[in-house]
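This report refers to the structure that appears directly beneath it.
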Amino acid sequence: MSTEPAAPMLQARGLSKRFGGLVAVNGLDLDLRARRLLGVIGPNGAGKSTAINLLTGHTRPTTGKVLVGGEDLTAAKPWRLAHAGVARTFQIVKPFRGMNVLDNVAVAAMFSGRPAGARHTVATATRTALETLDRVGLGGKGDLAPAELSVADARRLELAKALALRPRVLLLDEVLAGLRPGEIDPALELIDSLRRDGLALMMVEHVIHAITAIADEVMVLHHGEVLTRGEPATVLSDDRVIEAYLGARFAKRAAEAASRTATVTTAPLMDDATADGSTP
């Protein structure tokens, strides 16, 4: 039986972005594969969200390539990448405020890529939206306005809109931001279920204990460049990561927690988190 890894669903090669004299991302290479989750960490301003924007067509790269299923979609429009199976969430949630929760998700379902010959109808989009809301924990809240949602539910709506596109690749931009410690574990369980379903995932996050509990690999960005990447425990023990981002005390706790993930559930990892689960 072959042990070769599955072909990447999304690849970046030499991806860079300059804003005048500022290099936001420099020479980024990555592969996202089915049933794998790449965690991305780094200080504010390291280029994490810019990388997501480049991979999803929201920002045009200065140099480099983006490949989806082997097809070159460098600088393609966001709608083209969405139809190719690449979806994302936004760090600042972006609901359609004039629509209720159900219609927000139904609009995404209407836009999703479907098998050749399949038709989009309001009925099928609504059914997909209801199923998606149930999956993310918003069942029964479809009639609410986005403004009536809690912070946690607003994050769930953002995720539901992305999932309604039926993606193969999902990029999560600080999807845990603002959640209370007790809300993090259910969110991680949902994300893990998406990985088991076959999605290729990239997760930008500051909640270190959470991302090391779920990531197969962690990549650290610093000043727009990859500082290091590898297994969570190894990355968090790297002196360069400690100096640039974590601090020695937090890094020791996080590395110890990451090394336990092979034999324990994610719940104990939250016990060591700081009050909001993020880095100090």
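We did not get these values from a lab; they are worked out from the coordinates using the rules stated. Remember, it's a predicted structure, so these values are computed and weren't measured experimentally. No Cβ is skipped: glycine too gets one built from the backbone with ideal geometry, and neighbour counts run over all protein chains shown.
Of note:
- Net +/- balance of residues flanking residue 23 in space, Cβ distance below 11 Å, scoring K and R +1, D and E -1: +1
- With both labels modelled 7 Å from their Cα along Cα-to-Cβ, the residue 107 to residue 72 distance reads 3.4 nm.
- Cross-link reach list, lysines versus residue 77, counting only Cα pairs under 30 Å and skipping chain neighbours closer than eight places: 17, 48, 65, 94, 161
- Of 19, 90, the sequence from fewest to most neighbouring Cβ atoms within 10 angstrom is 19, 90.
- Rounded to 0.05, the FRET efficiency of the residue 259 and residue 143 pair, given R0 = 51 Å and the Cβ-Cβ distance, is 0.65.
- With an a/c value of 1.5 or above and a/b not larger than b/c for the gyration tensor axes a ≥ b ≥ c computed over the alpha-carbon atoms, the stretch 61-115 is described as oblate.
- Taking a ≥ b ≥ c as the square roots of the eigenvalues of the alpha carbon gyration tensor, the stretch 163-233 is oblate, as a/c is not under 1.5 and a/b does not beat b/c.
- If the segment from residue 121 to residue 150 were pulled out straight at 0.36 nm per residue, it would be longer than the present Cα-Cα gap by 7.4 nm.
- Projected over all directions and averaged, the alpha-carbon convex hull of the stretch 9-61 occupies 3.8 nm².
- With neighbours defined as other Cβ atoms within 10 Å of a residue's Cβ, the residues 63, 126, 132 order from fewest to most as 63, 126, 132.
- Per residue, the convex hull spanned by the alpha carbons of the chain comes to 142 Å³.
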